[in-house]
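The values are calculated or read from the model by the stated rules, or taken from the named source; none is laboratory data. Treat the numbers as computed from the prediction; the structure is a model and nothing was measured. Quick reminder, even Gly has a Cβ in these numbers, built from the backbone with ideal geometry, and neighbours come from all protein chains shown. Accessible surface is based on the protein model in full, side chains and every heavy atom, while ligands, DNA and RNA are left aside. Shrake-Rupley method; radii C 1.70, N 1.55, O 1.52, S 1.80 Å.
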Amino acid sequence: MNIFDEENEISYKPLAEKMRPTTLEEFFGQEELVGDNQAIRKMIETDAISSMIFWGPPGVGKTTLAKIIAKETSSSFQELSAVTSGIKEIKDLIEIAKYNKSNGRKTIVFVDEIHRFNKAQQDAFLPYVENGNIILIGATTENPSFEVNSALLSRAKVYVLKSLSEEELKKILKHALEKNDEYNNVEIEEEAICLISKVSNGDARTALNTLENVINITKPVKGKKKITVSSLEKILGSKTFLYDKNGEEHYNLISALHKSMRNSDPDAALYYLARMLEAGENPLYIARRLIRFASEDIGLANTNALTQAINAYEASHYLGMPECNVNLSQAVVYLSVSPKSNALYTGYTKASNDARKTINVKVPLHLRNAVTKLDSSLGYGEGYMYAHEYEGHITNMQCLPDELKNEKYYIPTTNGNEKNVKTILENIEKLKKGK
């Protein structure tokens, strides 16, 4: 038999595709959007569909939901991939949409990975979204605020689709087992279903593909394919990490990473970084925590620390896993060996406490902005000293309210570059006292 036989190729569908829901009743997850009285369900029920962007991780139902919307509203569904399509494909599709409109039928254009379209390609949709020729539904795994043109974004509502919970994934897996007669000979432990749900990281496609692969390679014994946690771990190739991105271990590991860097221990920091990445943690989450650490625990002791952390975030954004692991490693080691200071953190904490206590304290008159004649007559700006007109570009003008005039919030340490900042502040104080 020819393994490339066209008939066989057409008849085969991956389990994830076979189980793709076609109605809202079959759709699992995203209750905040498609549950009773929720936004997208209401739009479908009233046939009042507008352009929208679905933002969320892979395998949470972005494409499926777009197809359901088209089916439930009897709209023509046209799909484009930003990876393979260009301006020509967009123009061809627009002609189809114009024809549909002339025959009283709506056209939903679904653009997968819309963030990969360049500005010109995204702009090509604008006039047709505005004149109603098409209803655009874009799907993206990246923040649309940064990746989608503002002009297009202003004409589409953004809906955030969340990673599916383990309970939702278990329902999807059990539904697949029940609906496929070919799996009547499969016996799978409840714990094994839980394990597949856990390692799938909220991705229904991954969960279903894993289930299908496991079933396909399990040899039947006395006509039954028995799948246990033990056999599943062997098939997956390794023990699963004890890690839940929304659970206690998630917070334990990020805490351990943070505290190891704070204690200037690059070895421990690299270990906890690896624990998180190898277990499937989102590298951008880790990168964001490094950005926070750079200011909270290093600050002006090494001003390059924040640059390193931001660069690691950008690299992780462009590369993704596994390539970005070395970028994050560079940042983690750099932050670990940098001189430490929490002066910014403690300074802001003290300032924020005072800010809450003195919420009704007015800004001193000489610091207020005199916009109108009335402002000036009330003394706004009176007595203000423009620092650049004074020797050394420094005055002895009081900027804090009287109630807080002697408070000190930023108290630099003598670590790293911050010792220079300390010296600068001491010299500023001497200059102020001499005036």
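Any idea which residue in region 214-234 is modelled with the lowest pLDDT, counting only those that are open to solvent by 60 Å² or more (accessible area, probe 1.4 Å) and under 25 Å from Glu167 (Cβ atoms)?
Ranking the qualifying residues of region 214-234, first place goes to Ser230.
Determine, yes or no, whether Ile424 is of a type in the set (Val, Ile, Thr), modelled with pLDDT of 90 or more and in contact with a helix residue (DSSP H, G or I) (Cβ under 9 Å, 6 or more places away or on another chain).
In short, no.
Hey, could you check region 264-312 for residues that are among the aromatic types (Phe, Trp, Tyr) and within 23 Å of the chain's Cα centre (by Cα) and say which is modelled with the lowest pLDDT?
In this case the residue turns out to be Tyr285.
Could you list, in sequence order, the residues of region 190-213 that are in contact with a Lys or Arg (Cβ under 8 Å, 6 or more places away or on another chain), crowded, with 20+ Cβ neighbours inside 10 Å and free of Cβ contacts under 8 Å to residues at least 60 places away in the same chain?
Within region 190-213, Ile193, Ser197 meet the criteria.
Among (1) surrounded by 12 or more Cβ atoms within 10 Å (Cβ to Cβ); (2) touching a Leu at 6+ places or on another chain (Cβ under 9 Å); (3) in a loop (DSSP other than H, G, I, E, B), which single condition is Gly392 missing?
(3)
Each row is one residue, and each column tells you yes or no for (1) in contact with a Lys or Arg (Cβ under 9 Å, 6 or more places away or on another chain); (2) more than 29 Å from Tyr99 (Cβ to Cβ).
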| site | (1), (2) |
| --- | --- |
| Pro127 | no, no |
| Ala139 | yes, no |
| Ser145 | no, yes |
| Leu169 | yes, yes |
| Lys174 | no, yes |
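Out of the residues in region 395-409 that are within 20 Å of Ile359 (Cα to Cα) and touching a Gly at 6+ places or on another chain (Cβ under 9 Å), state the one that is most open to solvent (accessible area, probe 1.4 Å).
Lys408
Of the residues that sit in region 121-138 and are open to solvent by 40 Å² or more (accessible area, probe 1.4 Å) and either among the polar types (S, T, N, Q) or under 25 Å from the mean Cα position of the chain (by Cα) (or both), which one is farthest from Ser81 (Cα to Cα)?
Here the answer is Asn131.
Report, ordered by the first and then the second residue, all pairs with beta carbons closer than 6 Å, sequence separation of six or more or different chains, a first member in region 398-425 that is without any contact (Cβ under 8 Å) to a residue 12 or more places away in the chain and more than 18 Å from Gly383 (Cβ to Cβ), and a second member that is crowded, with 17+ Cβ neighbours inside 10 Å and not acidic (Asp, Glu).
Note: pairs meeting the criteria are Lys422/Pro412.
Yes/no matrix, rows are residues, columns are (1) farther than 12 Å from Arg262 by Cα; (2) open to solvent by 30 Å² or more (accessible area, probe 1.4 Å):
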{"position": "Ile291", "(1), (2)": "yes, yes"}
{"position": "Ser316", "(1), (2)": "yes, no"}
{"position": "Met321", "(1), (2)": "yes, yes"}
{"position": "Ser338", "(1), (2)": "no, no"}
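For region 141-189, list the helices (runs of 4 or more DSSP H) that sit wholly inside it and hold at least 1 residues that are more than 20 Å from Val129 (Cβ to Cβ) and open to solvent by less than 40 Å² (accessible area, probe 1.4 Å); which are they?
In region 141-189, 166-179 are the helices (runs of 4 or more DSSP H) which contain 1 or more residues that are more than 20 Å from Val129 (Cβ to Cβ) and open to solvent by less than 40 Å² (accessible area, probe 1.4 Å).
Within region 35-87, take every residue that is open to solvent by 40 Å² or more (accessible area, probe 1.4 Å) and aromatic (Phe, Trp, Tyr) and give me the one that is nearest to Leu208 (Cα to Cα).
Applying the filter and picking the extreme gives Trp55.
Just checking, does region 352-364 include any residue being touching a residue at least 12 places away in the same chain (Cβ under 8 Å) and either touching a Gly at 6+ places or on another chain (Cβ under 6 Å) or within 30 Å of Ala287 (Cα to Cα) (or both)?
No - not one qualifying residue is present in region 352-364.
Every residue, every condition in (1) within 30 Å of Val337 (Cα to Cα); (2) assigned to a loop (DSSP other than H, G, I, E, B), yes or no:
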| position | (1), (2) |
| --- | --- |
| Ala351 | yes, no |
| Arg356 | no, no |
| Val371 | no, yes |
| Asp375 | no, no |
| Met397 | no, yes |
| Glu407 | no, yes |
| Glu426 | yes, no |
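Scan region 67-77 for residues that are closer than 17 Å to Ala16 by Cβ and either in a loop (DSSP other than H, G, I, E, B) or modelled with pLDDT under 95 (or both) and report the count.
The total comes to 0.
Before we move on, is Ile96 surrounded by 14 or more Cβ atoms within 10 Å (Cβ to Cβ), of a type outside the set (Gly, Ala, Ser) and farther than 30 Å from Ser200 by Cα?
So Ile96 fits the description; yes.
Within region 43-50, is there a residue that is touching an Asp or Glu at 6+ places or on another chain (Cβ under 7 Å), under 30 Å from Arg155 (Cα atoms) and either assigned to a loop (DSSP other than H, G, I, E, B) or modelled with pLDDT of 90 or more (or both)?
Yes, region 43-50 contains a residue that is touching an Asp or Glu at 6+ places or on another chain (Cβ under 7 Å), under 30 Å from Arg155 (Cα atoms) and either assigned to a loop (DSSP other than H, G, I, E, B) or modelled with pLDDT of 90 or more (or both).
Can you work out which of the residues in region 78-108 that are assigned to a loop (DSSP other than H, G, I, E, B) and of a type in the set (A, V, I, L, M) is modelled with the lowest pLDDT?
Out of the qualifying residues, it is Val83.
When region 340-381 is examined, which residues are found to be of a type in the set (Lys, Arg), surrounded by 12 or more Cβ atoms within 10 Å (Cβ to Cβ) and over 39 Å from the mean Cα position of the chain (by Cα)?
Arg368, the sole residue that qualifies.
Please count how many residues of region 45-63 are more than 16 Å from the chain's Cα centre (by Cα) and either of a type in the set (Asp, Glu) or closer than 19 Å to Val129 by Cβ (or both).
7
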